[in-house]
1. Dividing the Cα convex hull volume of region 1-89 by residue count, how many Å³ per residue is that?
2. Can you pick out the pairs among Lys166/Lys224; Lys19/Lys166; Lys166/Lys297; Lys19/Lys297; Lys19/Lys224 whose Cα atoms lie more than 27 Å from each other?
3. Determine ³J(HN,Hα), in whole Hz, for all residues of region 14-21 in sequence, where each value follows from phi through the Karplus function 6.51 cos²θ - 1.76 cosθ + 1.60 and θ = phi - 60°; x replaces Gly and Pro.
4. Efficiency by 1/(1 + (r/R0)^6): what FRET value for Ala268 and Lys159, r their Cβ-Cβ distance, R0 = 45 Å, to the nearest 0.05?
5. Taking the number of other C-beta atoms within 10 Å as the exposure measure, put Glu179, Glu75, Glu86, Glu201 in order starting with the fewest.
6. Would you order Phe48, Phe73 from fewest to most other beta-carbon atoms within 10 Å of each residue's own beta-carbon?
7. Mind checking which of Pro266, Pro213, Pro107 has the largest fluctuation in a GNM of the chain, springs on alpha carbons under 10 Å?
8. Along Cα→Cβ, 7 Å out, is where each label goes; now give me the distance between the ones at Ala218 and Thr95 in nm to one decimal.
Amino acid sequence: MSKNNISILDGGMSRELEKLGAPFRQPEWSALALIETPDLVRDAHQAFINAGSQVVTTNSYALVPFHIGEQRFKEEAQQLAARSGEMARQAVNHTNNQALVAGSLPPLFGSYRADLFQAEHVETIATPLIEGLAPYIDVWLNETQSLIAEPKAINSLLKKLGYSDKPLWVAFTLEDEAETDIPRLRSGESVEEAVIAMANEGVSAILFNCCQPEVISAAIRISKETLHRLGQSDIQLGAYANAFGPQSKDAAANEELDVVRDDLTPPAYVNWTQQWADDGATLLGGCCGIGVEHIAKLKQHFDK
């Protein structure tokens, strides 16, 4: 952690891999680098660690059937998940660093798409990812969640498989296409409802990610108030926004490289993270479009 108990997460892997010359095409997306050039995945993690990341997230976000295909998923998902964990762990070990490895458990049926959730298929898809990642990770990060039901199902599965001994962090993506009266997940469920549900699940941290920075502060404030009311202020809060414009309800993450906002320079992004820290967040990083240079500026800022 930094001197003021802020932990610096990493940034978006896809663009960092692109900078390093990793292969990219649809539908595999960032999984292609894991398949064809795993050393570049390790190098991307290492770049974030060198910039100051104290938590690096495995490149397992695209290891789902709708990205790598049903057949490859069936044959290789666990092996590829293990490789993603191994690359992150190698980067930590190579730098002799104390960074934590967070095992990314992605939205299983489509980013931003709460309407595609299928409870009956959670175990089939998530189990090989969990089994592959487990030997390498320090915390589970169930990220870019659009609804409450999916992280609840993941938590139940972790318990069933015997992997609930490691902390579970859940990161929700927020509605950011239009103004809402109160902060909401992309499912329409309120942040307050989500926080209550996650507190009941016993998670160690609640974060907000892959949405515009403008919608995050209110979500953190409501989360802090709700946890205080529940007597669960020991649950950490965090945020890692993307650098895109508003995403519509029928959008899907990772369909293409979206245009990055010109205004979210490293100093400007630091201002947002300072606001989130003031609101009560202690886990701070970046999502899509937030690069190594942003993370370096964050580390510098919070170490002052």
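1. Expressed per residue, the convex hull around the Cα atoms of region 1-89 is 89 Å³.
2. Details: Lys166/Lys224 23 Å; Lys19/Lys166 33 Å; Lys166/Lys297 30 Å; Lys19/Lys297 19 Å; Lys19/Lys224 37 Å.
Result: Lys19/Lys166; Lys166/Lys297; Lys19/Lys224 exceed 27 Å.
3. 4, 6, 5, 5, 4, 4, 7, x
4. 0.65
5. Glu179, Glu75, Glu201, Glu86
6. Exposure proxy ranking, most exposed first: Phe73, Phe48.
7. Its mean-square fluctuation being the largest, the pick is Pro266.
8. 3.6
Read the figures in this text as sums done on the coordinates, not as results from a lab. Owing to the predicted nature of the structure, the values given are computational and were not obtained by experimental measurement. A quick note on method: Cβ atoms are made from the backbone with ideal geometry, for glycine too, and the neighbour counts reach across all protein chains shown.
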